[in-house]
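The values are calculated or read from the model by the stated rules, or taken from the named source; none is laboratory data. These figures come from a predicted structure and were not determined experimentally. Using ideal geometry, Cβ is built from the backbone for each residue, glycine included, and neighbour counts are taken over all protein chains shown. Keep in mind that these areas ignore ligands, DNA and RNA; they rest on the heavy atoms of the full protein, side chains included. Shrake-Rupley method; radii C 1.70, N 1.55, O 1.52, S 1.80 Å.
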Amino acid sequence: MRRTVAIVLIALGVFCLALAPMMRTWMATALMKTPMDYYSQPVVTGQADYFDIEDVEQVEDATVEAHLTIRADVASSSDDVVVWDQFTWIKDADTDFGISSTSRRAGHDRVTGEAVDCCDGMIDDESVVQSGQAWKFPFFTEKRDYEFFESTIQEVAPMRFDGVETIEGVEAYRFVQEIEPTVIDEQTVPRDVAGLDGEGDVTGDVEFSITRTYWIEPISGSPINVSEDQHRAVVVDDEEVLTMLSGELRYTPETIDASIENTEQARQFLPLLRTTLPIVALVAGVGLIGVAVVLLVTGRTGREQG
C-alpha cells in the first residue's frame, strides 16, 4: 500500500514540477498579448490657446477636448502583430469648432508594444515607417528609459523613467518625453493677422514642441493616464507671430477609470501565472516527491526489521 501511494505521489509531484514552467511560459504568454479586438475612445481635455482659422482670430484660454478613437484592424493583424488605426479630433468644447484632426495607422508587437514596419503604416494618409514604442509599453514594463515614436515630428525620441505614482490605488510608472521646438511644416498667413507691418501674406515655419507624460500600469504596459503639454506656433525670422495651439491636455477622470479597468485582467492573472502559482507548484512538487521518498524508505525499513 505504501508503495502504491508513493508512486501516486511521485506522479503528482512530477506533474507539478512540469506544470510550474508551463504556467510561467506557455500559459502566461498566452495572456501576455494585446487583444486582437482592441477598441478604445479616450478623451483628453484642458485649457489652451488656439487660432480660429474661420474667424481669423486668436482664441485664448479655451476649454479644448481631444477625442481619440483607436480600433484594431483584426483582418490585418496576426498572432504576433496587432494593427491599430487611430483618429484624433481636437475641438473647442464650448463652440464645437474643429481645431485639427489627425489619423495614424501602425502595426506593433503584441507583447513588447514596439512598432513593426508593416500593414501600410501611415500618418495622415502618408506612408511613414514607425519604430520604438508605438502606443503602449511592454508587458512587465521596467523602470528604465524607452524609445517612443513621436507621431507629429515622425521620429523616435527617448521617454525617460521619472518615478512611481499611485493612481486610484493602482501603481503606475511615470515616463516623460520632451520634444524641443522642431520645424514640422510651413504656414502662410496674412501679415496683419501675424501682427506684422505691411500688406499681403507672410510664410513662416510651423514649430512644434511637447512635454508628454505617460503613467504606465507596469504589468499590462498600458497607459492609465496621459498628459500632453504642447505648443505649436508660426515663426517668422525667429519670432513667434501666431499661436496655432498651446496648452496642456490630459485624460478625463472617466478615461482614467476606463483605462484602469482595461488593465484589471492583466493585474489579476499575470502575476499569479508568472510567479505565485509556479512557486506553489514547484514547492508542492518537491514536497510530494519528498513524502513519496519517505514512504518508500520507511516501508522498506519496516520490511527489513520485520
Report summary line: Of the convex hull drawn through the C-alpha atoms of segment 116-182, the volume per residue in Å³ is 121 Å³
Report summary line: Those GluC sites (Glu not before Pro) from segment 36-100 that are DSSP loop and have at most 12 other Cβ neighbours within 10 Å turn out to be 54
**Report entry** Hits among lysines - C-alpha to C-alpha of residue 33 under 27 Å, sequence gap 8 or more where chains match
**Finding:** 136, 143
Report summary line: Along segment 157-172, Karplus-curve 3J(HN,Hα) (6.51, -1.76, 1.60; θ = phi - 60°) to the nearest Hz, with x for Gly and Pro, reads 9, x, 10, 8, 5, 10, x, 10, 10, 10, 10, 6, x, 10, 5, 9
Requested in this report: Excluding residue 254 itself, calculate the net charge of residues whose Cβ lies under 14 Å from the Cβ of residue 254, where each Lys or Arg counts +1 and each Asp or Glu counts -1.
Outcome: -3
Report summary line: Put 76, 127 in order of accessible area, largest first, probe 1.4 Å, and you get 127, 76
Query raised in the report: Probe 1.4 Å, all protein chains in place: accessible area of residue 69 in Å², nearest 10?
Result: 40 Å²
**Report entry** Mean Cα-pair separation over length for segment 105-188, i.e. relative contact order, pairs under 8 Å, 6 or more apart, %
**Finding:** 18 percent
Report summary line: The rounded separation in angstrom of the Cα centers of segment 213-243 and segment 52-130 is 14 Å
Requested in this report: Decide, for segment 197-268, between rounded, prolate and oblate: order the square roots of the alpha carbon gyration tensor eigenvalues as a ≥ b ≥ c, take rounded if a/c falls under 1.5, and otherwise choose prolate if a/b is larger than b/c, else oblate.
Outcome: prolate
Query - Gyration tensor (alpha-carbon) shape descriptor, segment 128-234, a/c threshold 1.5 - result: prolate
Report task. Just name one of 231, 202, 135: the one whose Cα is farthest towards the positive end of the charge dipole of segment 121-276 (beta-carbon charges, Lys/Arg +1, Asp/Glu -1). Result -> 135
Query raised in the report: What span do the alpha-carbon atoms of segment 23-165 cover on each of the three principal axes, reported in whole Å from largest to smallest?
Result: 60, 37, 25
Query raised in the report: Of the GluC sites (Glu not before Pro) in segment 155-199, which ones lie in a loop per DSSP and count no more than 14 other C-beta atoms within 10 Å?
Result: 168, 199
